[in-house]
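The structure under discussion appears below in the form of structure tokens.
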Amino acid sequence: MGETIQLKSADGFSFSAYVAGPANATKGVVVVQEIFGVNHHIRDMADRFAAQGYAVVAPALYDRVEKGVELGYTQADIDKGREYRMKLSDADLIKDVEATAGHLSGKKLGIVGYCFGGTVAWWGATRTNRFAAASCWYGGGIPGTRDERPNCPVQMHFGEKDASIPMHDVDAVRAAQPKVEVYVYPGAQHGFGCNERASFSKPDYEQAQQRTLTFFAKHLG
């Protein structure tokens, strides 16, 4: 449905991004990848938001480490994804998120992210002023940065049985951010929203996606 374009960050770095949806839309969504790159799943998620009438961009955040990264979900892929993530500075991440938002200039913007991208979506809310709403799906780095102040409404989604984000961490996020909508999905595991992972839970994905769409409709118009 979409196509790949090149964007330029504030420091002059060029990176690729998957774009979908009507270019003349008045509202847009930045879709942030998991640790697996802008792979089939992330492009599919971008297409789903595009089908709702949003102009959508999914930046290839790993381009600063290696171009064209698309991983699967084996343990080797997970290890490789973590390796890429560790080579990427948080400051560069924000530069590229800002540049992605800039491509959608003039539109009211939401940001949504999954896994690693869930954390980046949180930082999009706290470390930039570009977004009118942020939906963060199982972002493992959120508990460690839970005291940051969001600049827009934020919604979060966590799986009750997520081995990488224990419930006491989610409780700590709730305590630090009482105005943030925090949803926990009973029995759901990490990555419950990805239909290409063994942990996929269709009912939980559908509920979280509907909550995200309702949230964006409310805050983006």
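Annotations for the structure displayed:
- Most mobile listed residue (Gln75, Gln189, Gln177) in the chain, GNM with C-alpha springs under 10 Å: Gln75
- This ranking places Cys136, Cys152 by how few other beta-carbon atoms lie within 10 Å of each, fewest first, which gives Cys152, Cys136.
- Structural descriptor for the chain: relative contact order 16 percent, calculated from alpha carbon pairs under 8 angstrom and at least 6 residues apart.
- Mean ellipticity per residue at 222 nm, deg cm²/dmol - from DSSP H runs of n ≥ 4 across the chain, formula -39500 (n - 2.57): -11000 deg cm²/dmol
- When Asp47, Asp79 are arranged by Cβ crowding within 10 Å, least crowded first, meaning fewest neighbours, the order is Asp79, Asp47.
- Centroid-to-centroid separation of the range 173-217 and the range 1-29 [C-alpha atoms, Å]: 25 Å
- The per residue volume of the convex hull around the alpha-carbon atoms of the chain is 107 Å³.
- Burial ordering of Tyr138, Tyr183, Tyr62, Tyr18, fewest other beta-carbon atoms within 10 Å first: Tyr183, Tyr18, Tyr62, Tyr138
- DSSP-defined antiparallel bridges as percent of all bridges, the chain, nearest 5: 35 percent
No value in this document is a laboratory result; all are computed from the given coordinates. These numbers were taken from a predicted model, which means no experiment stands behind them. Reconstructed Cβ throughout: ideal geometry from the backbone, glycine too, with neighbour counts over all protein chains shown.
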